[in-house]
Amino acid sequence: MRVFVILPAAGMGTRMAAGTGSTAAPKQFLEIGGVPVLVRSVRAFLAVARVDAVCVAVRAQERERVQAQLMEYKLGARVHMVEGGDNRQQSVSNALAALECDAEDVVLVHDAVRPLIDPATIERTIDAVVKHGAAIVGLPAVDTIKQVERTADGAIVTSTIPRERVVQAQTPQGALFGLMRRAFIEAEADGFDGTDEASLLERAGIEVAVVAGSARNFKITQPGDIELAEFYLGR
Ligand code: C5P
């Protein structure tokens, strides 16, 4: 059994630029303490000895920049690149197609823009995939969760979801390669676009276990998040 990691890093960073008046800056290339977000994410997985290879999905025009970063930070032979797609699912699908895996190998997918993932959580996710077939990192909800209906006047609450019944899905999200590939093939055949791998696995009838995540493993999304990441690192 080998372990492969896919880092989708082909996003455009439009939400980060929203409201700032600046042009879009892909979040994966911003720096935290002088080190690019993507480099930090790659390093976290390379720190896990069981990880055989890391495959980064990047936009064609960023290939050279990423190649230069891989060299500068000496990220080595375990890291490869594929071309990203028009959405996250397509980027992951391109990477899955490029991996030379067996059905029983473990494949983990991790948002490149969650640079503070820690090796212990990665290890626990791999163990959970081996045990259950599929697993994601999830954060128990601390807020009360409302279901809403969107109207022209804004959102209206329709019900309350007991918070002990929900977790916020983080990454890594993983499965045995055979299960992940089946979930992607079925989603693509049905024209289903999900925002994470678990949604594809669920609809394929595959049970997905949850590993405890942490607030620290947040997704760099909006202005201020770089400062928040630096705060976590400084502690
Ligand atoms: O936009 P979102 O927050 O869902 O992005 C999650 C991850 O998916 C990011 O690391 C981003 O770079 C990646 N992504 C991608 N290809 C796209 C869009 C997003 O690899 N076309």
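Bear in mind that the values in this text are calculations on the coordinates, not laboratory data. For clarity, every value in this text was computed on a predicted model and none was experimentally measured. With ideal geometry, Cβ positions are generated from the backbone for all residues, glycine too; neighbour counts draw on all protein chains shown.
Quick notes
- Between region 47-118 and region 179-222, the alpha-carbon center distance in angstrom: 17
- Assuming charge only on the beta carbon of Lys and Arg (+1) and of Asp and Glu (-1), the dipole of region 110-151 about its Cα centre is about 120 debye to the nearest 20.
- Relative contact order [Cα under 8 Å, 6+ residues apart], region 3-234, whole percent: 24
- Share of pairwise Cα-Cα distances greater than 21 Å in region 124-235 is 54 percent (whole percent).
- All lysines inside 22 Å of LYS74 as judged from Cα atoms, apart from same-chain residues fewer than 8 positions distant: LYS27
- Among PRO162, GLY174, ALA204 - extreme Cα towards positive end, dipole of region 145-222, charges at beta-carbon: PRO162
- Rounded to whole Å, sorted largest first: equivalent-ellipsoid semi-axes of region 3-234, Cα gyration tensor: 26, 24, 18
- Counted charge near VAL130, where neighbours are those whose Cβ lies closer than 12 Å (Asp, Glu -1; Lys, Arg +1): 0
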